[in-house]
Amino acid sequence: MDAPNIGHIYLVDDDASIRVALMTTFARLGYTVNAYESAAEFLKHATPVSPAVLVLDMRMPGQSGVELQADLARHGWTTPTIFISGESLPIQIVQGMKQGASDFLLKPFSIEDLLLSIRRALDQDRAIHTALIKTLQVEQNYRRLTPRERDILEAILAGNTNKQIATADGSAAATVKLHRARVLQKMQVASLAELILLFKNIDISKLKSNLS
């Protein structure tokens, strides 16, 4: 059985009986839940939290689940989506998956299958949230670097040694070594290997553009 306080579930379904049944099950297992009868109600009242998952009916009066998913993406929501539906056109399913849906379950589905999908989606959201925090921390530390230190950082990430950097710009190797030590200190890493790993999945050109 799931442990308490392990994640939040947004539930959007126009069927009141399904909302009540799923809310009861989710709450009993320790999840926090907000349920909405329409996409419009969700957009009006929901606020982003993490880790979370959106359990979304694909076909509803007004805005459909796929349309809501696309709308949320345009507004920067990254919460994983699980579609549930009694009847959906293949094109809707394909569109939802192309837009990044975590899973699709056809009604009637087993609660075990839904809970498995929810756990996977919550793990996905935790990973997204962790990566975002890491990126924000790297950007904050990067802003502390002087322009010269940023140049040294880029040269290091390009695989250049102290001697190569010094030869390229006519500075002394000892000066480059000092700058490199300051880069490591300000980026809060203990070694060159850690620095390279830190920037493994980060686009340094975006960091530079964010400074302007």
Note to self: Out of everything in the stretch 71-96 that is over 16 Å from the mean Cα position of the chain (by Cα) and among the aliphatic types (A, V, I, L, M), what residue ends up being nearest to residue 118 (Cα to Cα)?
What the structure shows: 84
Check: For the stretch 1-44, what are the residues that are touching a Phe, Trp or Tyr at 6+ places or on another chain (Cβ under 9 Å) and either in a strand (DSSP E or B) or at positive phi (or both)?
Finding: 5, 7, 8, 9, 10, 11, 12, 32, 33, 34, 35, 36
Next item on the list: Mind checking which helices (runs of 4 or more DSSP H) fall wholly inside the stretch 86-201 and carry at least 1 residues that are β-branched (Val, Ile, Thr) and closer than 30 Å to residue 72 by Cα?
Entry: 90-98, 111-143
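Okay, residues lined up against (1) over 20 Å from the mean Cα position of the chain (by Cα); (2) in the same structural domain as residue 113 (by TED's automatic domain parsing); (3) among the polar types (S, T, N, Q):
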| position | (1), (2), (3) |
| --- | --- |
| 13 | yes, yes, no |
| 27 | yes, yes, no |
| 30 | yes, yes, no |
| 34 | yes, yes, yes |
| 40 | yes, yes, no |
| 55 | no, yes, no |
| 59 | yes, yes, no |
| 69 | no, yes, yes |
Margin query: Here are the criteria: (1) in contact (Cβ under 8 Å) with a residue 12 or more places away in the chain; (2) loosely packed, with under 14 Cβ neighbours inside 10 Å. Tell me which single one residue 156 does not satisfy.
Written below: (2)
Next item on the list: Mind listing whichever residues of the stretch 45-73 are touching a residue at least 24 places away in the same chain (Cβ under 8 Å), part of a loop (DSSP other than H, G, I, E, B) and not basic (Lys, Arg)?
Entry: 46, 48, 49, 50, 51, 58, 60, 61, 62, 63, 64
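The values are calculated or read from the model by the stated rules, or taken from the named source; none is laboratory data. Note that the structure is predicted; figures quoted are calculated from it, not measured. Cβ: placed from backbone, ideal geometry, glycine included. Neighbour counts: every protein chain shown.
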